[in-house]
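Right, one structure below, let's go through it.
The values are calculated or read from the model by the stated rules, or taken from the named source; none is laboratory data. On a predicted model such as this, the values are computed, not experimentally measured, just so you know. Methodologically, a virtual Cβ is constructed for each residue, glycine included, from the backbone with ideal geometry; neighbour enumeration extends over all protein chains shown.
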Amino acid sequence: MDYEEILMAKSAWYYYVGGLTQQNIADKLGVSRIHVMKLLDMARQSGVISFRLREASFRRFDIEKRMSDLFGLNDVFIAPSPANGMEAAENVAYAAAMYIETSTSENDYINMGYGYTLAKVLNHLAMNVEKKLSIISLSGGVSCYLPDTKSSIFNARLFLMPAPLVVSSAEMAKAILAEPSVQEILMMHKLASTTVVGIGGMNEDATVVKSGTITKNDFRLLSMQNAVGDVLCHFYDKNGEPVGTELDSRLISTPLQTLKSLKNVIGVSAGPYKVDAILGALRAGYLNVLITDEDTAEAVLAKAESGD
């Protein structure tokens with residue numbers, strides 16, 4: 001099921017089952033009322049609905065609603081789990097790019113985190129979205145935000161924090177964060193309509209280890225301190241409480257408490273190694289919207305409802 005068909009199914013669910021008006025649905029999905037009318041008409045004609053939703057769509061909606069209610073989220077978007085060898089990161093990155101395209105307007109500013117999945121989201125946005133978008137980095141590490149060398153089209157303006165992600169000392173981090181060029185980027189964060197972050201797990205091939213951002217020994221130490229994952233290289237436990245390490249003082253990265261104050265924070269993550277990390281981020285209230293795949297969502301929900 002592609003993104004447009006999922007939008008059709010959502011519109012049909014809200015209209016025929018939820019009893020929402022077309023304008024209510026338009027507001028909820030971030031599209032125009034005319035678009036909703038077309039979606040409902042296409043849903044009838046294409047067979048997405050025949051006055052009952054397909055079982056797979058119903059199951060996804062049920063999970064989305066339960067997760068939204070449990071964690072107080074504004075929205076949950078669950079993509080079908082990847083097939084034909086497609087990796088989870090590529091799958092949810094594409095879904096996230098389509099979601100962001102639908103929910104943003106021309107010339108919007110979008111805060112963007114770093115990471116493997118987020119790099120794919122950024123490239124999908126820049127290559128496939130026609131509207132002009134401006135991307136503001138949430139962390140240092142300029143190379144994380146640069147376009148894929150294979151991309152011939154990159155339809156986005158980048159406002160990057162001119163600094164590495166991790167520096168050698170707390171004193172250096174403070175000095176860099178006080179620089180006018182960095183302060184300008186930090187002030188721009190409040191102007192963005194949307195904030196997009198990845199959620200890292202604690203598996204050995206985590207981006208922060210593969211990229212050399214932190215050493216394997218430091219990563220093992222974080223695991224021993226009960227870290228389950230990270231957002232913007234800030235590590236936390238199963239309840240989303242920060243794991244206090246010396247690393248935090250050397251980061252050029254938006255703090256988790258600041259993240260909570262930003263608008264429309266979308267978390268994009270999927271895969272069996274991300275379940276605990278996603279659950280921790282949800283429990284701590286770091287996210288307003290979650291985009292993941294069906295297998296991951298089911299695993300997160302099962303663990304949350306069991307109280308694990």
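Here is how the numbers come out for the structure above:
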{"quantity": "Matching entry among L20, L70, L40 (being at pLDDT 85 or above, more than 30 Å from G271 (Cα to Cα) and hydrophobic (A, V, I, L, M, F, W, C))", "calculated": "L40"}
{"quantity": "Criterion (over 13 Å from the mean Cα position of the chain (by Cα), surrounded by 16 or more Cβ atoms within 10 Å (Cβ to Cβ), at pLDDT 95 or above and assigned by TED's automatic domain parsing to the domain that holds H124) met by exactly one of D295, D248, D237", "calculated": "D237"}
{"quantity": "All strands (runs of 3 or more DSSP E) inside the range 195-308 with 2 or more residues being touching a residue at least 24 places away in the same chain (Cβ under 8 Å) and closer than 21 Å to R60 by Cβ", "calculated": "265-268, 289-293"}
{"quantity": "Some residue of the range 120-129 being assigned to a helix (DSSP H, G or I) and in contact (Cβ under 8 Å) with a residue 40 or more places away in the chain", "calculated": "yes"}
{"quantity": "Residues of the range 292-308 satisfying the condition of being out of contact with any Gly (no Cβ under 7 Å at 6 or more places or on another chain) and β-branched (V, I, T)", "calculated": "T292, V300"}
